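These notes concern the structure reproduced below.
The values are calculated or read from the model by the stated rules, or taken from the named source; none is laboratory data. Everything quoted here is computed from the prediction, not taken from an experiment. No Cβ is skipped: glycine too gets one built from the backbone with ideal geometry, and neighbour counts run over all protein chains shown. These accessible areas exclude ligands, DNA and RNA; they are computed on the full protein's heavy atoms, side chains included. Shrake-Rupley method; radii C 1.70, N 1.55, O 1.52, S 1.80 Å.
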Amino acid sequence: MRHDSTGRTFAPESIAAQALGWVDAETRAIVSPIHPSTTFLRDPDNQYRSGRVYGRSDNPTFDQAEALVTSLEGGASSMLFASGMAAATAVFLSLSPGDHVVVPEVMYWSLRSWICGPGERFGFRASVVDMTNPEKVAAAIEPDKTRLVWVETPANPLWCVTDIAEVSRIAHAAGALVCVDSTSATPVLTRPLACGADFVMHSATKYLNGHSDVLAGTLTAARTGDFWERVRATRSQVGSIAGPFEAWLLVRGMRTLFLRVRAASKSALAIAEHLEQHPRVLSVMYPGLPSFPTHVVAARQMDGGFGGMLSVRIRGGEEAAVRVASRVSLWKRATSLGGVESLIEHRASVEGPDSPVPRDLLRLSVGIEAAADLIADLDQALAL
Ligand SMILES: *Cc1c(COP(=O)(O)O)cnc(C)c1O
């Protein structure tokens, strides 16, 4: 609904708030129904004129969620998955044996573990590079072999920012596709497809839903084509499809996406600036701080804020970091991110002994509570 019947265009905030302005033709309801049906009626002439056959391929409840993500990302088509991991792995599972991929050193841990472990059993080879350095990306590309460059920006859990336009230019010159995990940036702050990427992925479990009560993932394509249809077939064959209730909750969550992300970004910047001055803090990793190494790229690429995610390294090592986390009360000690409630975690404990994450690092997901309350809670935890 970028245009209504009068031809006017609407800002993404308006499109999200009204979830594309959907109104049920029959009942005039302004909230869409949930379709739990796993199967659809075949016409007497043996055709499926509805276009729907079975729930492992598609569900009518997906339509609004997928169309809304497509609109917010400025893409051609979107697909909803059972989780962010289901969405991301569907891209890799759609490659062919012998394909080469380039992935970032700093990226969501579970996905990197899968790509560099079980994933490679499916026949692709992965090179791991510093994705924030375009020269390293160019050097890692194998002409005629590299099929995919995977980008995550800002990247979990150090929040370094990759120049999507630059990496896309390098990848496209070699005939490779670019997929951006934009979970932490959200379409509010970064539009990877407008920067030149081919696909954008979200763990919709995080900001898109925003309430820590749905597992889902999305992929959006700048243009449809053979590879996109392979991904669609993978989703249906593997069964990595979301449930209808999840799709419905996701639409509800996305109606407030802009308010939530902007509030979290504003508080995260205030918290980062405060912690940067704190004597017990060694360093603060946040793309919005001018002292942050990839801040210049972030300032150019991100629009209207730097996100709700930051990490801090605590003086005194792992023990001190764990102690600070143990002493907060408003912040909740839990993994995940992007919910309305603020979360804190000792990241290395979650990732395990092989984790490259500094042992003194705490990851903070800033919610929409009052920033002053969040800062006061951190201050009392750091003071002890
Ligand atoms: C959580 C997360 C994922 C995985 O998503 P799930 O919904 O947990 O499967 C992928 N990438 C990033 C950046 C994430 O934060």
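Within this structure, Leu80 passes the test of being of a type in the set (A, V, I, L, M, F, W, C) and over 26 Å from Asp354 (Cβ atoms). If we scan region 73-85, do we find a residue that is farther than 30 Å from Asp130 by Cα and of a type in the set (Asp, Glu)? Looking for residues that are farther than 30 Å from Asp130 by Cα and of a type in the set (Asp, Glu), one finds none in region 73-85, hence no. Among the residues here, Ala263 qualifies as assigned to a helix (DSSP H, G or I), outside the structural domain of Lys145 (by TED's automatic domain parsing) and more than 16 Å from the ligand (Cβ to nearest atom). Residue count for region 190-208 under the criterion of being polar (S, T, N, Q) and either within 12 Å of the ligand (Cβ to nearest atom) or over 12 Å from the mean Cα position of the chain (by Cα) (or both): the result is 2. Among the residues making up region 56-96, those that are within 16 Å of the ligand (Cβ to nearest atom), in a helix (DSSP H, G or I) and open to solvent by 30 Å² or more (accessible area, probe 1.4 Å) are Met85, Leu93.
Scanning region 11-26 for residues that are at pLDDT below 95 and open to solvent by 50 Å² or more (accessible area, probe 1.4 Å) turns up Trp22, Val23, Ala25, Glu26.
Within region 252-291, being crowded, with 22+ Cβ neighbours inside 10 Å and without any contact (Cβ under 8 Å) to a residue 40 or more places away in the chain holds for Ala272, Val284, Gly288.
Listed here are the residues, each with its yes/no results for (1) open to solvent by 20 Å² or more (accessible area, probe 1.4 Å); (2) away from the ligand (no atom under 16 Å from the Cβ); (3) in contact with a Gly (Cβ under 7 Å, 6 or more places away or on another chain); (4) within 21 Å of Ala90 (Cβ to Cβ).
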position: Trp114; (1), (2), (3), (4): yes, no, no, yes
position: Lys136; (1), (2), (3), (4): yes, yes, no, no
position: Pro143; (1), (2), (3), (4): yes, yes, no, no
position: Thr153; (1), (2), (3), (4): no, no, no, yes
position: Ala174; (1), (2), (3), (4): yes, yes, no, no
position: Cys179; (1), (2), (3), (4): no, no, no, yes
position: Ser182; (1), (2), (3), (4): no, no, no, yes
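With the structure loaded, tell me whether Ser168 is open to solvent by less than 10 Å² (accessible area, probe 1.4 Å), among the polar types (S, T, N, Q) and more than 16 Å from the ligand (Cβ to nearest atom) or whether it fails that test. Spelling it out, Ser168 is indeed open to solvent by less than 10 Å² (accessible area, probe 1.4 Å), among the polar types (S, T, N, Q) and more than 16 Å from the ligand (Cβ to nearest atom).
If you go through region 209-239 and keep only what is within 17 Å of the chain's Cα centre (by Cα) and either within 16 Å of the ligand (Cβ to nearest atom) or not assigned by TED's automatic domain parsing to the domain that holds Ala155 (or both), you end up with Asn209, Gly210, His211, Ser212, Asp213, Val214, Leu215, Ala216, Gly217, Thr218, Leu219, Thr220. Checking the stated criteria, Val101 turns out to be open to solvent by less than 50 Å² (accessible area, probe 1.4 Å) and either farther than 26 Å from Ile344 by Cα or assigned to a strand (DSSP E or B) (or both).
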